[in-house]
Structures are given as structure tokens and as C-alpha cells.
Amino acid sequence: MQPTDIRNPDYFHKVVDCQWACPAHTPVPEYIRLIAEQRYTEAWAINWESNVFPGILGRTCDRPCEPACRRVRVEAEPVAICRLKRVAADNKGDISPYLPAVPKQKNGKRIALVGAGPASLTVARDLAPLGYDCVMFDGDAKGGGMMRTQIPRFRLPESVTDEEVDRIVDLGIETRYGQFIGSLKALLTEGWDAVFVGSGAPRGRELDIPGRKEAAANIHIGIDWLSSVSFGHIDKIGRRVIVLGGGNTAMDCCRSSRRLGGEEVTVVVRSGFEEMKASVWEKEDAMHEGIPILNFLVPVEFTHDNGKLTGVLFEKVKAEFDEKGRRNLVPTGEPHQHILCDDVLVAIGQENAFPWIERDVGIEFDRWGMPKVDPKTMQSSLPNVFFGGDAAFGPKNIIWAVAHGHEAAISIDKLCHGEDVNDRPPPGVTLVSQKMGIHEWSYDNDISNDLRYKVPLRDISVALKDIRTEVELGYDDKLAYLEAERCLNCDIQTVFNGKLCIECDACVDICPMDCITFTENGDEEDLRTRLSAPAINLTQDLYIGNSLKTGRIMAKDEDVCLHCGLCAERCPTGAWDMQKFLFEMTQAGPACRSR
Amino acid sequence: MTYIVKPRLHHPKLPINALGYTHRDYEGSISTLCAGCGHDSISAAIIQSCFELALPPHRIAKLSGIGCSSKTPTYFLGQSHGFNSVHGRMPSVLTGANLANRDLIYLGVSGDGDSASIGLGQFAHCIRRGVDMVYIVENNGVYGLTKGQFSATADKGSKARRGAVNTDSPIDLVAMALQLGASFVARSFSGDKMQLVPLIKAAIQHKGAAFIDVISPCVAFNNNPESTKSFDYVRAHNDAVNQLDFMVAREAITADYAPGTLETVVQHDGSMLRLRKLAPDYDPRDRVSAMTYLQQRHAAGEVVTGLLFVEEDHGDLHEFLDTVEAPLNALGENELCPGQEALDRYNAAHR
């Protein structure tokens, strides 16, 4: 193998698994260390800079970082990254020094933002401090988009949404709430320098089976129902409720029902329990509230008594796999199951809807009715129209919307400065030694053996009484510290210099994870089989160092390295050093431009 | 010196041995020796050997004297018996322990100061008695704990870090062990575990006095290029006479070897030493020619390593003294106090 080029920013970025997995590439270990030191304000600032909504995401993020966490590979459970983020947001002090100054002199560029959800808000946050005149349109009466309308208050208190939306609006964003954009063509005639479409995926999928029309009064589309609950238009539901669907929206629907009078609430899914789209923790939270989840049941009919819903009839199915390994749900032949209920919530998916974009306006659509959007620049086929969030590639989640927003803001900034939007700015990268003394490091390298700490919950009898009562209490200082200490500091990199190495084997002998081997070179496939411990995780790189006197190479398997720094502590010549790799995405502004 | 405890977490795919242990289960507490010390590599080789042989840790006794080397038993086999003796007196404590309980595996760990200076007499007598043990000398040529004066094994003409030249003749413990009748004699290098681990495994399975001299560079005081115990010097002058593959029992030889290049030694327990010859004329069963070869190569500035001498059926101290088969702690009152009649018979035999 060739020696590893550690100057390529991707190499060490990949080692920081959480940051690599995060769509917004938030420097996770960096803020977790600050939380351990109770420097919550600074930890918040890192998050705000990168993911814009620390308080909201600290409660609701889909957490792609957590399955990626190295702790999963060396122990079992990831660091509770998401809930630590909430600690920073809840306990921050005076943040005013971290907020950007809003320029009094605007730059003369006008940007229209369609929809006031996380994607548009991110674009506004990035562009307003640069002097852009941002105008945000939304059909709803308040900003926040799905964060406000679809996430129930017991998971996300409205005060948190208000705070984080207002913080952006206060940067001088002009809001036109209650103004639904019904025609892109008309909008474009207003002469905007750029238009950003962050209108989400606002249409809940319909379930067209017998009885749907007749019993319509008690059959509700999940996201519309959640939205009505959010705005206070709906405040009760029947005693017996069936929620159809296995995603996170279904979990929000069933838990909301429990708080609005639903005593017997049941979730029914077509697939198996394991294959449900809902996050594991959301399923756990629902079951904790006494909501059973029934699986392998396909709804075939809404039963009713002269238009009054009486229940849902289900066909029993089982999973069968064909020779290609594809799963098919086939009827078991057992009699249908009839579950009685007073109301049904249909939460079987969301769809995009662009009836307001005229097809001759110059934006190309694909055969699924989605706009053609460049995944890097977020630009549509109309150069000054950009898409982001669920409107760009279908339903994803908040953190993806934020990532799209940042990229779109860069594109808009470059477009308005006459630059090529395809020329993307490189990230900001620093690599600095953490050595403080002969065996002292600027980070806590003593590995915690603690298992993941549970977030304390409000007592269930209290939690179910009011839909506005937040269920999770969040970590206190002590729990936050203990959980933060579980972080392995994967951004503190093991950096090897073969010219200094005397091949004494001290690092090989001390490494608690058997990551390091000195051996004859070979190709990667061969090398992976003859290291101190087998390197079978092909998604994780081998770090190859050369320039050794004996002509051998140093091969380090990055897979399960604890970043404890013992290799560097036991190295007599400083051939190993622990260096902090800080990777920051470049955002809109002078740094993203080439001139 | 390291201030943190070595993390308990280990690689999820670590091999386990017949006892269900990983090599991590054979570790001791974290080393307090200087970073990069060759002794730590020898500790790792001992850990690896005991793991691979699947030895029950509680059946091993590790004994040492005083010095950097003699600190190391703390850093391996944390679940085994240990005895840190007076300076240079490890061999007699080990001999006593072995006589009292012949069932344990005895691992004597010493250094060039402990064995070649203050304990030279103890070393000699322990070897010549044929005590069943592995005697490892971690040989760095200097007194590391007192800041790097030359020890008795330093080569004449070898230079210290600050330029002082050694004027005394060296003691070669390998030559002494051969001359004193050790039945297993080897030399290796802390920087070559591929060579060292099979040697330690073979020595553990050997019945009788097994001696291994391991050159172990002192990174703090004796790793300068002009020292004959430095990483660079040993790597450049290493004359390995053979390469040992250790087999726990008779196994078919699958690899092809040129005729006359492979020598097989079967030990008393059935374990098999497969020696690939690197020096064509070297015969590890000929004590006299081994001694001659060693002297010649040393005069040429070479460091001879490998399994230098082995005698399978030499026997050990218990055989020579015809001692009781069971360890003393397993003897009951009847065996220990056989009664007046037995005493009378014994006394009569001396009249």
C-alpha cells in the first residue's frame, strides 16, 4: 500500500465517525469536551454555527451520528450525542458575543425564501449577516415549518422553537407569514436575485381502501392532524385510536393521541417490527407510554356503521424472501383481524407537492415529479432557483435540511458575486499537537468504562396529562459530565512520523485495541489479514506509515482505536503524536469565494 | 511512566485460547519503565507466549531480583504468583520454590546487573543444578536505574551515550550457561518478537534449565549508534543461526524445505521444535561447537541469536535428587511423618 496522505482532509475526517456521518459535519467531539467542562455557551456556539438549531436538534434530531459512533464498535451503545447537544442549548449563558453583527448597509441583493422551515431559516441565517435582503414566505402564521407543526410539544416545547426561529428572524429577516406562494412564475417576476425553495414535503400519503370516503369524518392524515393539534384546532380524539404506519410521524401521532383522550391507542404496521422506519428510541418511547405496536397486518377496509367509523379490518401477512433476497409480504391465509376503534390516523408516508410551480417556468422535473436539483450546489435547472430540505430530494430530516441550507447559501453567495457555483470551497482544517508535558495531553485520555446514561423522564402520569408537558427532563450537570466522558475524542488523531521511529514496538505492546502492526508491505487485502488483530471492517481505513529503517511499514487499523494516546505516551522518540483535527465546513461569505 | 490505567476495552475480534482467555487476560499493570524500553517488548512476548500456550495463569510463578528488568513481572501475568527477591538472589529463591512445589511453571526474570554482577554466583549454581525453569535475562548492558553506568555484559569498546568507552571485558551469559550445563540456551532481541515468542514457548515446555539472553536496548542510556546494545547495532549485526517454529505436538510438516535445512527436536512433553537453519553448518545439539561458533562470531562483532543449544533428555534437579513426585503442599501427614518404624529403617541404612 502507498503511505497514507494525511494532508487530504477526508482522511482524518473519516476517523471522526460522528462528524463524517453528520450531514452538517458538526465537530461533535469538540463540543462534547466543552460540555464536560461545563462550558455550555461555547459548546452551544459550535452547534449554532454548524447546525443552526441546537435546542431543537438536541431533542428531535434523527442522529445519524450515533449509529456511526466508535463506541458502538468497541462497546455497545453510542455516546448520547443528541441529548448532550440539548444540555448545551438548555444551559447556555450569554450568547450575544457569538451572534453575528447585522450590517446596517445591505448589499443590494434580494433573496426570496419559500417556506419558513429549517432549510430556509438556515439560508437566511447564513446570508443575512452578509448584507443580503432576505424575505421569507410561509402559509402558516408562524415560522419553523414542520419543526413547529409536526413535532409535538411534549418532545419539543414551543418556547424552544420560538427562541431558535426568532434568533434568525432577528437578524433582519423580513417575514411574510400567512402568505402562501401559489405561483413560482409570479414570484419570479418580482425580480429576486435568487429564490430558495424550502417548502418541505407537505402532503401526507393517502390510504385508498374501502370505507375511506364513507368514514372520512374519523380518518385523519397524520401530518395534517399533527399540524392542527399544534395550532390548537384539535384538542381531543376518540377513546380507541388506531395509528397506521411505522415511521416517526406515526410515533408522534400515537403519543399525541394518548394525551388527547386516547386510552387504547394501537400502532399497526404492515412490515415486521424490526423493519419499521421509526428510530429505535422513538419506538421505545411509544411503548413506554403503553402503546402496543402490532406488525405484519395490512389494512384492507375501514369498517363503518352508516358512515360512523367502527374499526379497521386487517389481513395477516408474513415476510417471504425470494431468491434475490427481496422481501415480499404474503397473506398467511388466516382470517382477517378486525380491530375496533373510534379514530384512525394515517401516517404511512409523505409526498412532495409542487402544484404551485408552473411546468413551463424553466425548472426541469424528473419522472417522479421531483425537481432536478444538483446535490452539491442545490441549484435547479433555473440558475437562480435553489431547493433544499424535503423539497429537494423528498422527506429526510431537519439536519439534512440544515446541510442543504448551508450549501444553497454558498451557491447563492457565489451566484450573486458572479462566481461559478460548481466551484465549491474547501473545508477549514487544522491539525495541532495536544502534547502539554511529557505524559500530559490537553484532553482527558483516560477512557471511561461507563455504559450509556439514560435521560431522566418525567413521571408518566404527569407526562400524559398535558400535550405541552415535555417528557424528557434532559441530563443534569453530573449526568452530562459522565456521558460526555464516554466520548473517545476521535478528533484527537494519532499522527505517525516514520523518520523518528526506532521500531522499538512500544506502541504495539501498549495499544489496548491491537491496532498497530509493523510488518512487510503488501496490498490492502493481504495486509488486512496479517495485522495484530484482523482488520475486517472495510469501511475503516488502514493508516500506512513508511520511512522506517528496516524497510517495513507501520499499519494502523483505524477501526477501533480508542484515541487514548498510549501509543504516543509510550513512544520514546515522538514518532507518534496526538494532534487535534478540527474540520470546519466553509460557509457563505468571503471564505467561500475564490476572489 | 503513564498515569492512566490501560483501558479495559479490547478489540472485539481478539483470538481466544483453549482456556477462553485473550492475550489481554495475561497482562499485568501498566509499565512504569521509560517509554520505548526493550523490557516492555519482552513482557509483551512473555504475555503472547503464555497466551498461545494457553497456560493457566495461576500455575505460573514469576520471580525476579532488583533492577529495571526485575520490575517487569509486575507488568505481565497479573493473575500469577510473584516474588520480588533481594538483588541477585532470584535463582536461590526460585530453586527453593521449585523444590517445594514442582508443579508450577517457573519464570525467572533478571537483568545483566542482577545476574552478571551481584548475582553471578547464584546464576551459575542455579544453571548447573538444572533447575526446571525459564531464566530470562533482559540484557541492556547498562545500569539503567542508576543512570547508565556500564554493566558487566557491556562489550569492550562499546560507547556510552556521552562518549565514555567501556574498557572491561564482557561477561557472556550465554557462553557461561553453555559451559555450566544448561540444557536449553538461546539468545534473542527485544525488537524481534517473531524470533523471541517461539523461543520463550519452547523454553517453557523444556524440562530443565532453559536460559534465554534477550538483548534489550536501554532507550534512555544505551541506544546510541556506538553502543553494541542499541537497536541499530543489533539489527545490523544480528547473526540468527536458525528460525524456530514451535509446535505443541507432533504435526505434519506441510511446507517444503530444501534437504538438510530443517531440523526437528521433540521435547519430553511431545512438543516439537522445528528449526529452519539459517547458518548451514550450525548444529544446536553440539555444545562444544556451539561455544566455538559463539566465540568466533563475537570476535567478529556479530551478535549470534536463535536457539543455540538444546538437549532434550538432560533431566532436571528433581530427577537428579530423586525427590518425591508430588509437590510438598500435596503431602499428607502420613507421608510427612511415616512413623518410628520408617525412621528406624532409615537410620539403620546409615550404619
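Every number in this text was worked out from the coordinates using simple rules, so none of it is lab data. Predicted model, so just to flag it, every value in this text is computed and none were measured. Positions of Cβ are backbone-derived with ideal geometry, glycine not excepted, and every protein chain shown enters the neighbour counts.
At q = 0.05, 0.06 Å⁻¹, what log₁₀ I(q)/I(0) does the protein assembly as shown have when each alpha carbon counts as one equal point scatterer in the Debye sum?
Cα-only, vacuum Debye calculation for the protein assembly as shown: -0.45, -0.61.
Given the options B:Lys207, B:Lys193, B:Lys156, which has the most mean-square fluctuation in a GNM of chain B, springs set between C-alpha atoms less than 10 angstrom apart?
Ranking B:Lys207, B:Lys193, B:Lys156 by mean-square fluctuation puts B:Lys156 first.
Under a crude label model (7 Å from the Cα following the beta-carbon direction), how far is B:Leu278 from B:Asn329 in nanometres?
It is 4.1 nm.
Would you mind checking the tilt of helix B:38-52 against the longest principal axis of the Cα atoms of chain B, expressed as 0 to 90 degrees and rounded to 10?
50 degrees
Rule-of-thumb check for the stretch A:120-229: C-alpha Rg over 2.2 N^0.38 Å? Don't skip to the end; give the middle numbers.
Values: Rg = 17.1 Å, N = 110, 2.2 N^0.38 = 13.1 Å.
The stretch A:120-229 yields a ratio of 1.30.
About the Cα centre of the stretch B:23-321, what is the dipole size in debye to 20, counting +1 per Lys and Arg Cβ and -1 per Asp and Glu Cβ, all else neutral? Please report the intermediate quantities before stating the final value.
Numbers: 26 positive and 31 negative charges, 149 e Å.
I would put it at about 720 debye.
Roughly how many debye, to the nearest 20, is the charge dipole of the protein assembly as shown about its Cα centre, given +1 on each Lys and Arg Cβ, -1 on each Asp and Glu Cβ, and no other charges?
1120 debye
Given the options B:Leu104, B:Leu178, B:Leu328, state which has the largest fluctuation in a GNM of chain B using a 10 Å cut-off (strictly under) for Cα springs.
B:Leu328
Calculate, axis by axis, the spread of Cα positions in chain B along the three principal axes, and write the results as whole Å, longest axis first.
71, 53, 49
Express the relative contact order of the stretch A:204-350 as a whole percentage, based on alpha carbon pairs under 8 Å and six or more residues apart in sequence. Numbers along the way, then the final one.
Numbers: 325 pairs, mean separation 48.2, N = 147.
Here the relative contact order equals 33 percent.
Over 5 Å intervals from 0, what percent of Cα-Cα pairs in the stretch A:204-350 sits in each interval?
Bin by bin from 0 Å, the calculated values are 2, 10, 20, 22, 22, 14, 6, 3, 1, 0, 0.
Once the Cβ-Cβ distance between B:Ala164 and A:Lys376 is put in as r, and R0 is 56 Å, what FRET efficiency do you end up with, to the nearest 0.05?
Details: r = 66 Å, r/R0 = 1.17.
Efficiency for this residue pair is about 0.30.
For the Cα atoms of chain B, what angle does the longest principal axis make with the long axis of helix B:90-100, in degrees from 0 to 90, nearest 10?
It is inclined by approximately 30 degrees.
Got a sec? Charge dipole of the protein assembly as shown, +1 on Cβ for Lys and Arg, -1 for Asp and Glu; which of B:His268, A:Thr529, A:Cys504 is way out at the positive end?
After comparing all options, I get A:Cys504.
With unit charges on the beta carbons (Lys and Arg positive, Asp and Glu negative) and the dipole taken about the Cα centre of the stretch B:23-321, which residue among B:Ala210, B:His58, B:His314 sits farthest to the positive side?
The listed residue farthest towards the positive side: B:His58.
How big is the antiparallel share of DSSP beta bridges in the protein assembly as shown, given as a percent to the nearest 5? Please list the in-between numbers first.
Values: 62 of 122 bridges.
That works out to approximately 50 percent antiparallel.
Whole-Å semi-axes of the stretch B:1-121's equivalent ellipsoid, largest first, each the root of 5 times a Cα gyration tensor eigenvalue?
Details: eigenvalues 130, 73, 21 Å².
Equivalent-ellipsoid dimensions as semi-axes: 25, 19, 10 Å.
Given contacts defined as C-alpha pairs under 8 Å and at least six residues apart, what's the relative contact order of chain B, whole-number percent? Present the calculation step by step, with values, prior to reporting the outcome.
Details: 710 pairs, mean separation 53.0, N = 351.
Computed over chain B, the figure is 15 percent.
Where both partners of a DSSP beta bridge lie in the stretch A:204-350, what percent of those bridges are antiparallel, to the nearest 5? Could the numbers behind the result be given before it?
Values: 18 of 32 bridges.
Counting DSSP beta bridges with both partners in the stretch A:204-350, the antiparallel share is about 55 percent.
Could you point to the residue in B:Val324, B:Ala124, A:Trp576 farthest towards the positive end of the protein assembly as shown's charge dipole, with +1 and -1 charges on the Cβ of Lys/Arg and Asp/Glu respectively?
A:Trp576
Could you work out which residue, out of B:Ala124, B:Ala330, B:Ala177, moves most in a Gaussian network model of chain B, that is, has the largest mean-square fluctuation with Cα springs under 10 Å?
In this elastic network of chain B, the residue with the biggest mean-square fluctuation among B:Ala124, B:Ala330, B:Ala177 is B:Ala330.
How far, in degrees from 0 to 90, does helix B:193-205 lean away from the longest principal axis of the Cα atoms of chain B, to the nearest 10?
On a 0 to 90 degree scale, this one is about 10.
Quick one: compute the contact order of the stretch B:7-135, relative version, from alpha carbon pairs under 8 angstrom and 6+ residues apart, as a percent.
23 percent
Mind checking the dipole of the stretch B:210-351: about its Cα centre, +1 per Lys or Arg Cβ, -1 per Asp or Glu Cβ, Debye to the nearest 20?
Values: 11 positive and 24 negative charges, 110 e Å.
The dipole of the stretch B:210-351 has a size of about 540 debye.
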